[in-house]
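Take a look at the structure set out below.
All of the numbers you see were taken from the coordinates with simple rules; none came from a lab. The structure presented is a predicted model; accordingly, all values stated were derived computationally and were not measured. A quick note on method: Cβ atoms are made from the backbone with ideal geometry, for glycine too, and the neighbour counts reach across all protein chains shown.
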Amino acid sequence: MLTERLSVYDVNKDSEALLRAAEIIKNGGLVAMPTETVYGLAANTFNEKAIGDIFKAKGRPQDNPLIVHVSDIGMAKELVSEFPEKAEELAEKFWPGPFTMILPKADCIPSSVSAGLETVAIRMPSNEVARQLIAVSGLPLAAPSANISGSPSPTTAEDVLFDMDGKIDAVIMSGRCDVGVESTVVTLATDPPRLLRPGGVTLEQLRDVLPDIVVDKAVLSQPGKGCVVASPGMKYKHYSPKARVVMLEGDFESFKTFVEANKDEGVFALVFDGEEAELSVPCVSFGHKEDEFEQAAVLFKALRELDKLGCKVCYSRVPSKCGVGLAVYNRLIRAAAFEVIEL
Ligand code: AMP
Ligand code: MG
């Protein structure tokens, strides 16, 4: 299949390319679209064949449900059987934006989208191109990240093409994603509400609306084999480069000592900006130590870079768990398949 490249940087000036993308969606095709989090692989939520094609193109396990993207609140309400007061408050505060709510699903949601669950995940993206594509298609769009399942999520159209060229109908070329990690996922289908995946909307921000919110234990630790997880996506090894990633918990001096003692061919270090000069192994950096927003924005690019440079083993610095740092930590520990060494 030839994957069309559709450049949309400005929704008004590039309306022709946007209309073409909407046409492909309405015809049952797959279009990779930019969002403020990562690029998504979008299809008509109600077209079961197209939904099946998403799972095939990504190699995504069938039991991992998709997030449905909407362009307005009215569209969101049609997808759920109830939209409680708390959902209204959250939507008011965090939509459009990098925030996903899980609510009891309406009958119109195909079970392939919800992976057989009685709930559905919904998000209203703030990226203009994504919202306009949804509005012009007139359809809620089911969209997981536009990467091969398990690999680092794509934050540029080039990343999407690296994984998906020839496998999907079109890619909207639209520059780099702002946030760089996937949306915050909260379920309102449990009491108390539960944070299933940290993202651009932080736990601290959520507590203003949901003071009783709890953090699912799969956010920071590895779900035990065979145990039931609230968010199926969290049980998989995820976001991983081909290289083995090992997180080294400790200060920079002990990090340096460990890395220098273990240096070998193919050994790299994933470090904060400015630390490269102190190490004799090849380094890839993922932002300044104190800047969690920057770390989120560049983490997946850094993980992809490691593979391109031929890294075999990567020792990584550990981000803070505050604010957006929690999302960075959550992605990195999965990239490391939970391999952490306390120095
Ligand atoms: P992705 O499509 O890669 O952004 O992943 C979507 C995430 O949302 C995965 O971790 C899913 O398991 C989670 N998710 C989607 N729908 C539901 C749902 N109904 N209940 C719980 N988790 C969900
Ligand atoms: Mg994903």
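From most to least packed by mean Cβ count within 10 Å, the peptides 291-301, 258-268, 329-339 give 291-301, 329-339, 258-268. Taking 1.567 mPa s as the viscosity and 4 °C as the temperature, the Stokes-Einstein diffusion coefficient of segment 32-115 based on its alpha-carbon Kirkwood radius rounds to 94 µm²/s. For the set Lys13/Lys49; Lys13/Lys58; Lys256/Lys289; Lys58/Lys301; Lys56/Lys308; Lys217/Lys242, the pairs lying more than 21 angstrom apart at their alpha carbons are Lys13/Lys49; Lys13/Lys58; Lys56/Lys308; Lys217/Lys242.
Here segment 226-343 is treated with +1 on each Lys and Arg Cβ and -1 on each Asp and Glu Cβ, and its dipole about the Cα centre works out to around 780 debye.
Magnitude of the charge dipole for segment 1-117, about its Cα centre and with charges confined to Cβ atoms of Lys, Arg (+1) and Asp, Glu (-1), is about 460 debye. Relative contact order of the chain: 19 percent, from C-alpha pairs under 8 Å at least 6 residues apart in sequence.
Where q = 0.14, 0.22, 0.23 Å⁻¹, what log10 of I(q)/I(0) comes from the Debye formula for segment 172-274, counting one point per Cα? Here log10 of I(q) over I(0) equals -0.83, -1.18, -1.21. Taking other C-beta atoms within 10 Å as the exposure proxy, Lys86, Lys49 rank Lys49, Lys86 from fewest upward. Gyration tensor over the Cα atoms of segment 94-220: the corresponding equivalent ellipsoid has semi-axes (square roots of 5 times the eigenvalues, largest first) of 26, 18, 15 Å. Gyration tensor analysis over the Cα atoms of segment 194-343 returns equivalent ellipsoid semi-axes of 28, 17, 13 Å (largest first, whole Å). Note on Cys314, Cys283: ascending count of other Cβ atoms within 10 Å places them as Cys283, Cys314, the fewest first. When the P(r) is computed for the chain, the part past 33 Å accounts for 26% of the Cα-Cα pairs.
Calculated [222 nm] ellipticity per residue, helices only, for the chain: -9000 deg cm²/dmol; basis is -39500 (n - 2.57) per DSSP H run with n ≥ 4, divided by all residues, nearest 500. Springs between Cα atoms under 10 Å define the GNM used for the chain, and in it the highest mean-square fluctuation of Asn47, Asn147, Asn27 occurs at Asn27. All alpha carbon pair distances within segment 1-40 were sorted into 5 Å bins beginning at 0; the resulting P(r) in whole percents reads 5, 23, 28, 29, 13, 2.
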